[in-house]
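Colleague: The structure follows.
The values are calculated or read from the model by the stated rules, or taken from the named source; none is laboratory data. Please read all numbers here as calculations on a predicted model, not as lab measurements. Because the Cβ atoms are built from the backbone with ideal geometry, glycine has one as well, and the counts that use them run over all protein chains shown.
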């Protein structure tokens, strides 16, 4: 007999998670569901305040974090230099006063935390001989040279040209240097964790605030591009470039040896629906919602992501080395050792990425919908691996018809979908065991659902989701924009210009082959960005999740809960429209203050001054101490 009662909060969030995992069983064709029960990870017995929603906690925490960040801002050169020494443990680089003057002229918000990524990227280079850094940069196939305050390149690649234009804006403030540039979507460097630990220990020994009386405040001059240096400055690493197509095998070496990424079995069969960890069991979540965005972009504790992200399965292109090279690029994974610049497409300011014409649509004029259009990128999807790609998964779970089919499968064969009992007293169906990390059968209440209620989640999703591919990126020739192996599961839709997408309140943003170039446009708009990513970018340290944007786990198991919280649920429960508008407007206002082209230049100027110092033979005594008299040192 069916049980007529409103399900508990936990059950209401678990059911969508079950359904979205089950989507891939439905999409997999006629295989019998009785062959294998749904794999689901154990759920720890967490509780939160009575009547409170977990997102309420996260928003409140974000407000506090942002207030603390703003309180650390500096307004004078002396304050900024003091904040630098305290946080970095060194004297500021030569030219720091010019950097500060430029920042003030551009009305930049100056918070020392904003430049943390620079020091994360450059720190290990303090363990390498400066001559090696210079040689590796000078001999790289794509580079920008700066000599006597002028930047130039022999490359006509559009990314190089964009970066050149960016650097030429501040070239008069820069010392001589060579910048090696990555032309690929994907990053290039994965130094083994063990090697990186040694480098970081060696770099730490160089960290000291040099006595002002010994400080050198000038940069060395370099020979013209392509000219030979002295015999002592001609060592070349000749790194080994790996073309391994299964990128997980390369990427995981950047994780600690004892981490789950290094110890978990390697997935090689991507033709089956993936096992997906429960959002309740993840170290970066608070009751299933992302609480630590830095940790959420680190896959070392999330081995199931090896079968949930195209980059980790089969990238479009790979040329990876275990050597540490001074290579600059626009984005990277947490384990990569590339040096981040603002992405070239951000500087180019193309309307297809920024959609500026529609970015100011008033909130009240927007539809209560979530819209996404994109290409089936993420890597090279094939007939055997597409189920492991993040965009395919997201589009599937936003198809109301497919969700309804998955719901129906739960109702018709409930004995095959088992949740382990971990303190909630819940399980779905009868006896059985999970085949993934969840193995218990439990002894709690059976979850029963009336047949006539099947499809309610699907109807709800269909009411607000406008999510579709515009190109299936088929691996087989002769199929465009459709595909012979995914076309039966995904319909190709018309593109929606970004300016028109801003007519919807919620804008999910997903990884492609690397980072999403639309993110800056979303942040500058009046819509609510919901960001799921594994990629690091230059601006991460200046954005606060749940204050300026909504983070989403890379499994998307929290997506339905996020939408329910802001737009309202399938049971007619009202959403928190004011909270959604508040985050959208706070993100827009903050982006107008700290994500401008001027802020990119302030970041790049600081970065290149530091890079020039770490590449200089006299680096350990170099610095700026022009405030010594003012501070009484």
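Colleague: For the stretch 491-510, how many residues are touching a helix residue (DSSP H, G or I) at 6+ places or on another chain (Cβ under 6 Å) and assigned to a loop (DSSP other than H, G, I, E, B)?
Modeller: So the answer is 2.
Colleague: For the structure I just gave you, tell me whether residue 472 is buried (at least 22 other Cβ atoms within 10 Å of the Cβ), touching a helix residue (DSSP H, G or I) at 6+ places or on another chain (Cβ under 6 Å) and at pLDDT 95 or above.
Modeller: Criteria not met by residue 472.
Colleague: Criterion first (assigned to a loop (DSSP other than H, G, I, E, B), modelled with pLDDT under 95 and in the same structural domain as residue 378 (by TED's automatic domain parsing)) does residue 452 satisfy it?
Modeller: no
Colleague: How many residues does the stretch 69-89 hold that are over 23 Å from residue 294 (Cβ atoms) and touching a residue at least 40 places away in the same chain (Cβ under 8 Å)?
Modeller: Of the residues in that region, 5 qualify.
Colleague: Could you tell me which of the residues 591, 580, 586 is in a helix (DSSP H, G or I), touching a strand residue (DSSP E or B) at 6+ places or on another chain (Cβ under 6 Å), at pLDDT 95 or above and more than 20 Å from residue 299 (Cα to Cα)?
Modeller: Values: 591 fails: touching a strand residue (DSSP E or B) at 6+ places or on another chain (Cβ under 6 Å); 586 fails: touching a strand residue (DSSP E or B) at 6+ places or on another chain (Cβ under 6 Å).
Selected residue: 580, the only one of 591, 580, 586 that is in a helix (DSSP H, G or I), touching a strand residue (DSSP E or B) at 6+ places or on another chain (Cβ under 6 Å), at pLDDT 95 or above and more than 20 Å from residue 299 (Cα to Cα).
Colleague: Related question: Any residue at all in the stretch 107-119 that's without any contact (Cβ under 8 Å) to a residue 12 or more places away in the chain and at negative phi?
Modeller: no
Colleague: From the list 250, 282, pick out the single residue that is over 30 Å from residue 96 (Cβ atoms), out of contact with any helix residue (DSSP H, G or I) (no Cβ under 7 Å at 6 or more places or on another chain), crowded, with 18+ Cβ neighbours inside 10 Å and at pLDDT below 95.
Modeller: On the way: 250 fails: at pLDDT below 95.
Just one listed residue meets the conditions, 282.
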